[in-house]
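Since the structure comes first, as structure tokens, the remarks are kept for the end.
The values are calculated or read from the model by the stated rules, or taken from the named source; none is laboratory data. On a predicted model such as this, the values are computed, not experimentally measured, just so you know. Cβ atoms come from the backbone with ideal geometry, glycine included; neighbour counts cover every protein chain shown. When the accessible area is computed, the model is the full protein with side chains, heavy atoms only, and any ligands, DNA or RNA have been set aside. Shrake-Rupley method; radii C 1.70, N 1.55, O 1.52, S 1.80 Å.
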Amino acid sequence: MIPFALPDCIRRTTTYSLGLPVSDSSYCHINLILSIANPKCLFKTYTSSSCKMRIPKTLTVSFCFSLLYSSPSRFPQFRSLVPDLGLGLGLGVLFFQEILQPPKALKSLCVRSVVVEGLFQVGASYKMDSPMDRVTSEIQGPNGCEKSQVSCVWASPEGGQKIDIGKHIFCNRAVNMKNIVAVGFDMDYTLAQYKPETFESLAYNGTVKKLVINLGYPNELLDWSFDWTYMVRGLVLDKKRGNILKMDRHKYVKVAYHGFRLLSKDEKVAAYGSTLVRDAFDEPDYALIDTLFSLAEAYLFAQLVDFKDNNPGKIAEEKDYFSMYRDVRAAVDLCHRDGTLKQMVANDPKRYINEDNSIVPMFQMLRASGLAVFLVTNSLWDYTNVVMNFLCGPQTPDGKSSLTLDWLQHFDVVITGSAKPKFFQDENRANLFAVDTDSGMLINTDNGSPMAQVGGPSIELPDQIPDKPYKVFQGGNVGHLHKLLSIESSSQVLYVGDHIYGDILRSKKVLGWRTMLVVPELEKEVELLWYLRDTRKQLILLRSERDKIEDQVHHLKWSIQCECLDDPETEKALSKLESLEVQCNRVRVTHQEAQKVFHEKFHKVWGQLMKTGYQNSRFAHQVERFACLYTSQVGNLGLYSPAKYYRPSEDFMPHEFDVLSL
């Protein structure tokens, strides 16, 4: 960037100073620096020999004031106020509003604050013609941790600042957004985040009714209730044994329940650790709970296992655990097939879907940067239109929105009824239909072109699909999508989804698309990790101490067994060995209890989502393998530059950790 001097008409800076009494004999000095853009120059174009600059139309007034004190011991009463923005911010705003008397047109306030030892600073700026009145604040402590109440879209005047750790985008493989030409999104559980307490309960209740009415299960099931907090993603259902498992990345079973009964270590070893050939833990004997849609059926399966064990004869003897799971899946399919679930959501979307005001600004930013934006969902047009209107359209007080097509302005192509993951296979010969958005009718896009004859050469898809510029389609395959968007290389596509298999694995492994996985549970997990970081360090120290004592015990035992010590030394060694074994057992128990408490902070039953003990969980391993990027909410993409180069952190192996820790 070539530096240049701004003329005096563009910016004026004024400094004010006042004293704040913090005790009977002492003052804290406030320095306030006011910068204001001269309105006379707002619409001028400033030109120099080296650059040309268009001054923005937004009138910007910013001020920064510092509260300085010499030490906490000198003004202890003031030091106690430092973590609280109330004093400093209140004084600054009062000083700005009452003494400087800004114009009424300055509507919105954006606040940044920094707390350091001996210094408390608050900076703020007023901007004219802002879309809404709001206050955004950031607090940074001496350790560099930041907490943000509102994260601003990158393209906004407040964007590009520090992002709350729960909204970070984490990188497994490098993604240069400058090489991306199209960004695609799934809808359900990606753009539309369903409320588990209402939507999953709705799915659960519908499934139970199908089991009783359609599949002949006892009426007692109708009295059951659903705990939507119990199950988590990444679990594996053992259909034959009726067990629910959590495994590490090496597929070792670390936590196992039979129904809701915790299996002992011996029971786990007997079931999963005493075979000559390791189990693959895949279909058809196992079911993978890798999507939020599956949590209700997993919970219902556990309830049925307990019910069958505790109530002999109430469920037919010929129905084993495997058959019960198959019935649960059939009941779930019936709920989706008859349209009951989607009709309930369509009638009252606010009850079942979280509102997200970050989605539309993100779409606008992506399209303004020159990227194509597309939607690929398994939902059909009628339901897609309802959900996208709720997410992108204006809302009435009751949460309902009139159905319009305004949301389509954010997309270049919308494909409904895609039947993922088969959609990602180019050899999938599903027909592509254009959707008449007014009537919902499907229109054949090949205009009656001939079919390939038996034994003859295959027929290429038409270059233009179709002649009329339709934007919404149904069915088809990835080849159709690439032609609609004029994609020349699959690495030019970034696809954002929530399903590790339906969205991420196929699009990454088969096509080579760049992928971003949405993991809503991640926000709470990383925030807890930050909060418990000292506890985690203590666990590492306890484990290191345990290893050290165990090594000493083994050395003493070896010395005694090899008879290399005389009698007095042997007696001393035995005494020391007894003491070390007592100490080792104490440290082991302390370590195990502390680790259990640590994991229960994340989830009372299953612990950390991304960890199983000290190993990455099976779910974390899949995220690492198949997702280039992962984050907690789809709107987080709007907090970063659309030209950002996402770079992964350096990989470390155990021998490197040992060297780096020296």
Could you pull out the residue among 263, 292 that is of a type in the set (A, V, I, L, M) and over 18 Å from residue 321 (Cα atoms)? 292
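For every residue, the table says whether it meets (1) under 25 Å from residue 595 (Cα atoms); (2) in contact with a Cys (Cβ under 7 Å, 6 or more places away or on another chain); (3) of a type in the set (S, T, N, Q).
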residue	(1), (2), (3)
244	yes, no, no
283	no, no, no
287	no, no, no
311	no, no, yes
319	no, no, no
338	no, no, no
345	no, no, no
Select from segment 591-606 the residues that are exposed (fewer than 14 other Cβ atoms within 10 Å of the Cβ) and assigned to a helix (DSSP H, G or I) and write down the one among them that is nearest to the chain's Cα centre (by Cα). 600
Taking segment 528-547 and keeping only residues that are over 19 Å from residue 234 (Cβ atoms) and touching a helix residue (DSSP H, G or I) at 6+ places or on another chain (Cβ under 9 Å), one is left with 530, 532, 535, 536, 538, 539, 542, 543, 545, 546
Would you mind stating whether residue 580 is out of contact with any His (no Cβ under 6 Å at 6 or more places or on another chain), among the hydrophobic types (A, V, I, L, M, F, W, C) and not in a helix (DSSP H, G or I)? no
Take residue 230 and tell me if it is open to solvent by 20 Å² or more (accessible area, probe 1.4 Å), in contact (Cβ under 8 Å) with a residue 40 or more places away in the chain and assigned to a loop (DSSP other than H, G, I, E, B). yes
Specify the residue that is farthest from the chain's Cα centre (by Cα); the eligible residues are those in segment 200-227 that are open to solvent by 10 Å² or more (accessible area, probe 1.4 Å) and acidic (Asp, Glu). 220
Quick check on my filter: what residues within segment 335-390 are among the small types (Gly, Ala, Ser) and open to solvent by 60 Å² or more (accessible area, probe 1.4 Å)? 368, 370
Counting only residues that are at positive phi and touching a residue at least 12 places away in the same chain (Cβ under 8 Å), segment 532-590 contains a total of 0
For a quick check of your reading of the model, give me the residue pairs whose first member lies in segment 378-389 and is part of a helix (DSSP H, G or I), whose second is among the basic types (Lys, Arg), with beta-carbon atoms closer than 7 Å and at least 6 apart or on different chains. 383/342
Of everything in segment 482-496, what is modelled with pLDDT under 90, of a type outside the set (Ser, Thr, Tyr) and either closer than 30 Å to residue 289 by Cβ or exposed (fewer than 12 other Cβ atoms within 10 Å of the Cβ) (or both)? Give them in sequence order. 488
In segment 272-300, what residues are closer than 17 Å to residue 612 by Cβ and either open to solvent by 20 Å² or more (accessible area, probe 1.4 Å) or without any contact (Cβ under 8 Å) to a residue 24 or more places away in the chain (or both)? 272, 273, 278, 279, 288
Which one of 209, 240 is modelled with pLDDT under 95, touching a Phe, Trp or Tyr at 6+ places or on another chain (Cβ under 8 Å), of a type in the set (Lys, Arg) and not in a strand (DSSP E or B)? 240
Pairs returned, first residue in segment 238-261 that is free of Cβ contacts under 8 Å to residues at least 24 places away in the same chain, second residue that is open to solvent by less than 30 Å² (accessible area, probe 1.4 Å) and of a type in the set (Asp, Glu), beta-carbon separation under 9 angstrom, 6 or more apart or interchain, are 256/238
Scan segment 610-627 for residues that are open to solvent by less than 20 Å² (accessible area, probe 1.4 Å) and not polar (S, T, N, Q) and jot them down. 618, 619, 620, 623, 626, 627
Scan segment 625-642 for residues that are more than 14 Å from residue 153 (Cα to Cα) and over 14 Å from the mean Cα position of the chain (by Cα) and jot them down. 625, 626
Can you work out which of the residues in segment 387-417 that are among the polar types (S, T, N, Q) and touching a helix residue (DSSP H, G or I) at 6+ places or on another chain (Cβ under 9 Å) is modelled with the lowest pLDDT? 401
Can you tell me which residues in segment 497-521 are open to solvent by 10 Å² or more (accessible area, probe 1.4 Å) and modelled with pLDDT of 90 or more? 514, 520, 521
In segment 628-648, what count of residues is obtained for those that are open to solvent by 40 Å² or more (accessible area, probe 1.4 Å) and of a type in the set (Gly, Ala, Ser)? 1
Considering each residue of segment 243-274, count those that are in contact with a strand residue (DSSP E or B) (Cβ under 6 Å, 6 or more places away or on another chain) and in a loop (DSSP other than H, G, I, E, B), and give that number. 2
Do we find a residue being modelled with pLDDT of 90 or more, assigned to a loop (DSSP other than H, G, I, E, B) and closer than 30 Å to residue 517 by Cα anywhere in segment 304-320? no
